[in-house]
Amino acid sequence: MDSVRGAVVVITGASSGIGRATALTFAREGARLVLAARREALLGEVAEECRELGGEAEVVPTDVTDAEAVRRLANRAVQMFGGIDVWVSNAGVGAVGRFEDTPLEAHRRVVETNLFGPLHGAHAVLPLFRRQGHGVLINTVSVGAWAPAPYAAAYAASKFGLEGLLESLRAELVDAPGIHVCGVYPFFTDTPGMSHGANYTGHQLDAESPFYDDPQDVADTVLAVALRPRAQAMVGAMTPLTRLGHAVAPRLMEKIAGHGAHRHFSRTPPAPTSDGNLFRPVERGRGVTGGFRTPPPGWVSPLLVAGVAAAAAAAYAGYARSKNGNH
């Protein structure tokens with residue numbers, strides 16, 4: 001597409017965070033939007049904002065863990081606008097805590113939302129895309145698809161699984177060149193997700209960091225992928241560096257991540273456990289950002305990124321030399 005003006009775009013998880021930023025971004029471009037999430041009243045607010053920005057917007061409350069609800073969402077979009085050009089699977093939840101301290105039902109809910117939600121979306125929309133002969137399926141994945149996530153094992157499992165799903169779908173769709181299956185890969189992003197996620201650590205989730213991505217950068221990437229589809233689109237500098245680090249030295253990355261997580265939670269104040277929004281919506285966390293992103297001193301970020309890049313490049317070069325020496 002040269003433009004998304006008039007395009008029909010379905011967005012799940014549109015009530016806050018990346019989903020809300022994505023809805024507003026497509027609205028500015030004149031798209032016709034179908035917005036889905038569990039919080040109906042909040043979706044109505046987002047839809048009104050979208051209309052004020054020049055887009056059309058309709059609301060379909062949907063829990064993506066319910067396959068029939070997702071199918072109804074697809075059918076409603078077709079009934080309202082005649083088809084679907086872009087489907088953005090963005091709904092996601094998280095549960096933070098030691099693996100054994102996190103209830104099994106919480107682990108299950110994370111996987112149901114983050115993996116089965118996109119699977120339900122793909123299952124509902126791909127038949128329509130095949131009939132149309134075109135369509136773009138975009139999934140918000142994560143750096144967690146390529147790197148360990150201590151204290152969030154189910155989240156990482158869901159994202160590793162989602163990556164396998166997308167690669168398999170692309171393989172199946174080699175006979176349908178007009179249909180694109182795409183992934184957008186942000187680093188940790190400053191959304192309300194941290195404030196309304198489940199917490200089983202016994203400590204506050206104090207997550208202020210200068211290395212959080214801006215949700216608007218993710219939304220802009222989703223729009224760019226809709227216009228020029230590609231299999232993988234990484235957001236920011238930290239995602240590709242983390243992916244490279246894990247590819248070159250996975251055991252080292254595990255140790256760094258594990259020691260960092262233990263150290264972090266040993267220093268944060270105590271807090272009660274909470275299921276957050278896993279099993280039912282919560283009122284807190286309504287905007288695009290979560291307030292966790294802190295700007296670094298001007299000299300820090302370029303030097304750190306350059307240093308990590310140089311270290312990763314050196315490690316990769318050493319790996320390549322050792323591999324070539326074994327053949």
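The values are calculated or read from the model by the stated rules, or taken from the named source; none is laboratory data. Every value quoted in this text rests on a predicted model; they were computed, and no experiment measured them. Please note: Cβ atoms are built from the backbone with ideal geometry, for glycine as well, and neighbour counts cover all protein chains shown. Side chains included, ligands, DNA and RNA excluded: accessible areas come from the protein's heavy atoms. Shrake-Rupley method; radii C 1.70, N 1.55, O 1.52, S 1.80 Å.
Remarks
- Probe 1.4 Å - accessible area at Arg280, Å² to nearest ten: 140
- Cα-derived Rg over Rh, computed across segment 213-289 with Rh taken as Kirkwood radius: 1.07
- Volume per residue of the convex hull around the Cα atoms, evaluated for the chain, comes out as 147 Å³.
- Averaging 1/r over every pair of different alpha carbons in segment 148-297 and inverting the result gives a Kirkwood radius of 17.5 Å.
- Among the protein heavy atoms, those of Arg243 account for about 80 Å² of accessible surface (1.4 Å probe, every chain in place).
- Residue by residue, segment 262-269 carries 3J(HN,Hα) couplings of 4, 5, 4, 6, 6, 10, 8, x Hz when phi is fed to the Karplus relation 6.51 cos²θ - 1.76 cosθ + 1.60 (θ = phi - 60°); x denotes Gly or Pro.
- Heavy-atom accessible surface of the chain, averaged per residue, reaches 46 Å², computed with a 1.4 Å probe.
- When the inverse distances between all different Cα atoms of segment 1-146 are averaged and flipped, the Kirkwood radius reads 15.5 angstrom.
- In this structure His203 has an accessible area near 50 Å², from a 1.4 Å probe over the protein heavy atoms.
- In this structure, the amide hydrogen of Val34, modeled 1.01 Å from its nitrogen in the peptide plane, lies closer than 5 angstrom to those of Val9, Val10, Ile11, Glu58, counting only residues at least 5 positions away or on a different chain.
- In nm, spacing of pseudo-spin labels at Leu104 and Asp66 (7 Å Cα→C-beta vector): 2.6
- Counting only protein chain heavy atoms and rolling a 1.4 Å probe, the accessible areas of Asp175, Asp217, Asp63 rank, largest first, as Asp175, Asp217, Asp63.
- Mean residue ellipticity, 222 nm, helices only, the chain: the sum of -39500 (n - 2.57) across DSSP H runs of n ≥ 4, divided by residue count and rounded to 500, is -15500 deg cm²/dmol.
- Backbone HN-Hα couplings from phi across segment 253-260 [Karplus 6.51/-1.76/1.60, Hz, Gly and Pro as x]: 4, 4, 5, 4, 5, x, 5, x
- Database remark: amide H of Val288 closer than 5 angstrom to the amide H of Gly17 (H placed geometrically; neighbours at sequence offset of 5 or more, or on other chains; Pro and chain starts carry no H).
- In Hz, Karplus ³J(HN,Hα) per residue of segment 140-154 (6.51, -1.76, 1.60; θ = phi - 60°; x = Gly, Pro): 7, 9, 3, 4, x, 6, 10, 9, x, 9, x, 6, 8, 4, 5
- Amide H contacts under 5 Å for Val96, placed H, 5+ residues apart: Ala198, Asn199, Tyr200
- Remark: the chain carries a charge dipole of roughly 700 debye about the Cα centre, counting +1 on each Lys and Arg Cβ and -1 on each Asp and Glu Cβ.
- One decimal place: the segment Met80-Leu128 gains 15.8 nm when fully extended, by the rule 0.36 nm per residue minus the C-alpha distance.
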